[in-house]
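See below for the structure under consideration.
The values are calculated or read from the model by the stated rules, or taken from the named source; none is laboratory data. What you are looking at is a predicted structure, and each value in this text was computed from that prediction instead of being measured. As a convention, Cβ positions derive from the backbone with ideal geometry for all residues, glycine included, and neighbour counts pool all protein chains shown. With ligands, DNA and RNA removed, areas are computed over all heavy atoms of the protein, side chains included. Shrake-Rupley method; radii C 1.70, N 1.55, O 1.52, S 1.80 Å.
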Amino acid sequence: MARKIKKPRTVPAAGRGPAPAEPAQQPERVEKCGHMDQPLLMLTMLLLGLGLVCLFSASYATAYDKQDGNATYFIFRQGIFAAGGVVVMLVLSKFDYHKLHYFAIPALIAAVLVMATIKIPGLKNYWINRNGAIRWIQIPALGTFQPSELAKIAVILCFSSLATIFGPKKMHTLRWGILPFMAIIGVFAVEMSWEKHLSGTLIIAAIGMVIIYFGGANLFWFGLGGCGVGAGALWYLNSERGAYAMERIHIWLDPFSDPLGDGWQGVQSQLAIGSGGFWGLGLGQSRQKHLYLPEPANDFIFAVICEELGFVGAVMVVVVFALLIWRGYYIALRASDKFGTLLAAGITTQIAVQTFLNLGVVTGLLPITGASLPFFSYGGTALLIQLAEMGILLSISRHMPAPREG
């Protein structure tokens, strides 16, 4: 009779009863990093420090001549705004950027109304005309204010908020994803034409188009909207109001055709850049800033940088700007929500386009448009708002998902 073979008894690995069942897999929880982006903060402070040093070097000759021997006039005022801007930046870095939804529409309305005062009798007298451009408002006891800077941040806030509220379905349509945004850009374009502020129009249009694209607009309608912006620009350039812009294009193509008139800025800028050579003349040693180069502390400050610091110094400044722009888009791509992505993309685009326009004008690659160099050019309103925007970027970075371990 065959002997039955007993099956071996399965023994639990622990030796004490059956193995415990594996727990059900929980959905992965995304943790926020909770701290501001250190590279962005360091790059911002580096640009601010470089900007103040270069501004003092570029401005003291003009300040001494036009401010009764007060060579520190421009740097002192800029330093006050820089200190205040850093405080605003740090405060906004701890502010919940989601609450900026509530400021979007009021900021847009305020920007439109303030810029419209140029056409209101009694108020237009407060606008200042500088070399044919009417871009500043004189506020009694406070100084000058540039409304276009308010318009830029208003467009960023409003477009980001609307694109988030509309959602993907509405943003994919012509009615919601294109027309409202194009209407807002059109309003600001008209108001900018009153100021003869072509660079401001270009910057606002670029900001708006980038936010619309990131907001999920249909590519066909987006392209159609872009063609509409281009057609509007061509119509404006060929209109009577845009004649001054066409004159700038003509003189840009050949600045030496009128070197003592309209071509003076371009010629002196190129002389400053060429004089710097590879290593530069040395910090503070520029010759063109001594009443030869117009606006050495503002639109053409980069020409003074090239003359004093040479090709090496100019490249270093451009590299720092490139790193800041890269970090801004990095934060935009890693933001925790759509509103943060659009805000970061809009702010970074403003810095990128404005920097590109300024460097292009100074080096002769673009017609003179009057775009200032962020963090470098003299202007308290612009510097304060730029640092506030960096604070918003830092706030968005605080809500980014924490990096995975391992």
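Taken over the range 103-137, the criterion of being within 22 Å of I331 (Cβ to Cβ) and either touching a Pro at 6+ places or on another chain (Cβ under 6 Å) or of a type outside the set (A, V, I, L, M) (or both) is satisfied by F103 alone. Of A303, A297, A344, all but one fail to be part of a helix (DSSP H, G or I), farther than 30 Å from H101 by Cβ and not acidic (D, E); the exception is A303. Residues that are surrounded by fewer than 22 Cβ atoms within 10 Å (Cβ to Cβ) and charged (D, E, K, R) were ranked within the range 351-406; the one that is farthest from I331 (Cα to Cα) is E405. Scanning the range 347-406 for residues that are among the basic types (K, R) and closer than 19 Å to L43 by Cα yields a single hit, R398.
Take A61 and decide whether it is among the aliphatic types (A, V, I, L, M), in a helix (DSSP H, G or I), touching a residue at least 12 places away in the same chain (Cβ under 8 Å) and closer than 20 Å to G346 by Cα. Taking the combined requirement at face value, the residue does not satisfy it. Residue pairs whose Cβ atoms lie under 7 Å apart, separated by 6 or more positions or on different chains, with the first residue in the range 35-46 and open to solvent by less than 20 Å² (accessible area, probe 1.4 Å) and the second hydroxyl-bearing (S, T, Y), are D37/S397; L40/S397.
Residues being modelled with pLDDT under 95, within 21 Å of F375 (Cα to Cα) and open to solvent by 50 Å² or more (accessible area, probe 1.4 Å): count how many of those fall in the range 284-312. Total meeting the criteria: 1.
The set of residues from the range 91-115 being surrounded by fewer than 16 Cβ atoms within 10 Å (Cβ to Cβ) and among the aliphatic types (A, V, I, L, M) comprises V91, I105, I109, A110, L113. When you check L100 against the structure, is it touching a residue at least 60 places away in the same chain (Cβ under 8 Å), assigned to a helix (DSSP H, G or I), under 29 Å from E191 (Cβ atoms) and in contact with a Gly (Cβ under 8 Å, 6 or more places away or on another chain), yes or no? Against the criterion (touching a residue at least 60 places away in the same chain (Cβ under 8 Å), assigned to a helix (DSSP H, G or I), under 29 Å from E191 (Cβ atoms) and in contact with a Gly (Cβ under 8 Å, 6 or more places away or on another chain)), L100 does not qualify. Just so you know, in the range 267-276 the residues that are open to solvent by 20 Å² or more (accessible area, probe 1.4 Å) and under 16 Å from N358 (Cα atoms) include one that is modelled with the lowest pLDDT, and it is Q270. Residue count for the range 137-190 under the criterion of being in contact with a Lys or Arg (Cβ under 9 Å, 6 or more places away or on another chain) and in contact (Cβ under 8 Å) with a residue 60 or more places away in the chain: the result is 5. The requirement of being aromatic (F, W, Y) and more than 15 Å from I368 (Cβ to Cβ) is not satisfied by Y244.
Going by what's in this entry, would W279 be described as modelled with pLDDT of 85 or more, open to solvent by 80 Å² or more (accessible area, probe 1.4 Å) and within 20 Å of S372 (Cβ to Cβ)? Here the answer is no, as W279 does not meet what is asked.
Scanning the range 134-160 for residues that are out of contact with any Ser or Thr (no Cβ under 7 Å at 6 or more places or on another chain) and open to solvent by 10 Å² or more (accessible area, probe 1.4 Å) yields I134, I139, P140, A141, L142, G143, T144, L150, I153, L157.
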